[in-house]
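The values are calculated or read from the model by the stated rules, or taken from the named source; none is laboratory data. These numbers were taken from a predicted model, which means no experiment stands behind them. Here the Cβ positions follow ideal geometry from the backbone for every residue, glycine too, while neighbour counts run over all protein chains shown.
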Amino acid sequence: MTFRCVALHERVDLLDKCCDLLNTEWKRSHGVRSRFLEKSNHEFPCSLLMLDEEMLIGHARLSRIVSEEKSLLLTSVIIDPNRRGEGLGRKLLHLTEEYAKKRGFTYLCLSSESKELFYKKCGFYETSPVQQCSSNALQSKFEMLQKSADHATSTNEVDEKMPGAEDESKVHIIPPPPPLIKSHYQVSSNDEISKKCWLRKEI
Ligand SMILES: CC(C)(COP(=O)(O)OP(=O)(O)OC[C@H]1O[C@@H](n2cnc3c(N)ncnc32)[C@H](O)[C@@H]1OP(=O)(O)O)[C@@H](O)C(=O)NCCC(=O)NCCS
C-alpha cells in the first residue's frame, strides 16, 4: 500500500472529507471546522492529509511555536476510526516528521491528555509546555510582547478535544499563573486542573 501526505491547501478538494474526519472525534459545526482548516498554508499552520491511494485516512496539523524557530507544534492528529490499530498512526507521525524535517525543522512538540503512550511509543519524550504561534505575522507581535512582559507564560491554548477551538486569531499573553502542582499539570479555560502531558521529539 502506498501512503503519502499532502498539504490540505494543495488539495482543497478534500476539505469536506477532512472536516468529516476531524468531526468523528471532535465535534464542531461544518462552518467552524472549514474556517479552521482553510487557514492551512505553506507558512503554517499547515494541515497535512494522509492518503491511502486517493482515500483520506489521517490528518495532522503543524503550527509554529513562539521563540522556537526550529520547532513545530503538532495538533489534531487523527486516523480514520475504521483504520486504527494498523500502524497508520505511527506512519502518519513518520510522514509528518519527514515533512517537517524537509522544511528545516528539528523538533516536534505536542500536548496530550490521553494518548501519551501512543506518542511515547513513537519516540516522543516529556518536555515543558510551549506556546503556539498563530501565524508568522503574529509571531513578531508575540516576540515584541514577550520582551516587554518578562512574565509571559508558556501555556498552550490548543485543546486536543476541540481542534476547532484552536482559534489562531486569538493570542493571549496572560499574567503569570500560580505555581502548578506538577510541571505537566495545567489549568484549563474552565478552571479545571487537567493532566496535560507535553511531549517533544527530535526529528
Ligand atoms: C491516537 C491514534 C492517532 C493512533 O492511531 P493508530 O493508527 O490506531 O495507532 P498505531 O496503530 O499506529 O499504533 C502505534 C503504537 O501505539 C499504540 N497505541 C495506539 N493507540 C494507543 C493508545 N490510545 N494508548 C496506548 N497505546 C496506543 C499501538 O498499540 C502501537 O503500539 P505497538 O507498536 O507496540 O504495537 C488514533 O487512535 C486516533 O486517531 N485517535 C483519535 C484522535 C486522537 O485522540 N488523537 C490524538 C490527539 S493527542
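Here are the numbers for this structure:
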read-out	value
Tabulated pairs, region 1-29, first modelled with pLDDT under 95, second buried (at least 16 other Cβ atoms within 10 Å of the Cβ), C-beta under 7 angstrom, 6+ apart or interchain	Met1/Asp52
First in region 100-124 and under 22 Å from Glu25 (Cβ atoms), second anywhere and more than 16 Å from the ligand (Cβ to nearest atom) and among the hydroxyl-bearing types (Ser, Thr, Tyr), Cβ under 6 Å, 6 or more apart	Cys109/Ser71
Subset of region 37-76 [of a type in the set (D, E, K, R) and in contact with a Pro (Cβ under 9 Å, 6 or more places away or on another chain)]	Lys39, Arg61, Arg64
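Listed here are the residues, each with its yes/no results for (1) at pLDDT below 95; (2) over 16 Å from Ile203 (Cα atoms); (3) touching a Phe, Trp or Tyr at 6+ places or on another chain (Cβ under 8 Å); (4) more than 16 Å from the ligand (Cβ to nearest atom).
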{"position": "Ser34", "(1), (2), (3), (4)": "no, yes, no, yes"}
{"position": "Met55", "(1), (2), (3), (4)": "no, yes, no, no"}
{"position": "Leu73", "(1), (2), (3), (4)": "no, no, no, no"}
{"position": "Glu86", "(1), (2), (3), (4)": "no, yes, no, no"}
{"position": "Tyr99", "(1), (2), (3), (4)": "no, no, no, yes"}
{"position": "Arg103", "(1), (2), (3), (4)": "no, no, no, yes"}
